[in-house]
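One structure is given here, and the rest of the page talks about it.
The values are calculated or read from the model by the stated rules, or taken from the named source; none is laboratory data. It should be emphasised that the depicted structure is a prediction, and the values quoted were computed from it without experimental measurement. No Cβ is skipped: glycine too gets one built from the backbone with ideal geometry, and neighbour counts run over all protein chains shown. Just so you know, the surface numbers come from the protein's heavy atoms only, side chains and all, with ligands and any DNA or RNA stripped out. Shrake-Rupley method; radii C 1.70, N 1.55, O 1.52, S 1.80 Å.
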Amino acid sequence: GPVKRSTVRALPEQVAFDADDQALLNKVIGYYHETLQQSAEALAYLDARGIAGAARDEAIATFRLGVADRSLGLRLPNKQRKAGADIRERLTRIGIYRESGHEHFNGSLIVPILDEAGHVVEVYGRKLRDDLRAGTPKHLYLPSQEGRGRGVFNVQALTASREIILCEALIDALTF
């Protein structure tokens, strides 16, 4: 007879299915953060932007920088299973997945914007490559308007310093 293949993922799941949306978003950002250390392309991008050596390692740890490399889907149950469809629907609702089923931030350095409690309130993604198809944006945010304008990057510096440097982009702020 035909060989049956399992549709159950062999990799450990990274997201608890019963988590609320905030916990789900925090968990995804945590996964992207863990993935960054294995991404030579993302580390080279940071180096090229002047965020290198010990400063790079400190920036990654302090600001929970990450990378979206399409591997998140490999950590989820198959989309043909109920659990897989449910979690993808939730990831779409919070803006991590698009209606097309693709990761919104794929190919991007991830910079989460955190509130004072350390919860993710917005996500910025910067495409790692510049040779993109015409019309592909290099800068991405969560698509929902709900989170738009929330949060301050590096809120700790805002409360600890008398002087603040205002930058056009989060990547520019990271270089400081």
For the chain, the Rg and Dmax computed from alpha carbons only, in angstrom: 17.4, 74
Surface share of carbon and sulfur [accessible, 1.4 angstrom probe, percent] for the chain: 51
Point-to-point label distance, ALA54-GLU168, nm (Cα→Cβ direction, 7 Å offset): 3.2
Relative packing of 120-126, 160-166, which averages over residues the other C-beta atoms within 10 Å, highest first: 120-126, 160-166
Reachable aspartates and glutamates, given that their alpha-carbon falls under 18 Å from the alpha-carbon of LYS27 and they are not under 8 places away in the same chain: GLU13, ASP18, ASP69, ASP86, GLU89, GLU103, ASP115, GLU116, GLU122
Karplus-derived HN-Hα couplings along the stretch 131-136 (A = 6.51, B = -1.76, C = 1.60, θ = phi - 60°), whole Hz, x at Gly and Pro: 8, 8, 4, 4, x, 6
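Heavy-atom accessible area per residue, the chain, 1.4 Å probe: how many Å²? Write down the numbers at each step before the final one.
Values: 10590 Å² over 176 residues.
Dividing the accessible area of the chain by its residue count gives 60 Å².
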Highest-fluctuation residue, ARG90, ARG133, ARG49 considered, GNM on the chain with Cα pairs under 10 Å: ARG133
Tail fraction, Cα-Cα pairs, the stretch 80-176, threshold 15 Å, whole percent: 68
Structure-based [θ]222 nm, the chain - -39500 (n - 2.57) summed over DSSP H runs of at least 4, per residue, nearest 500: -10000 deg cm²/dmol
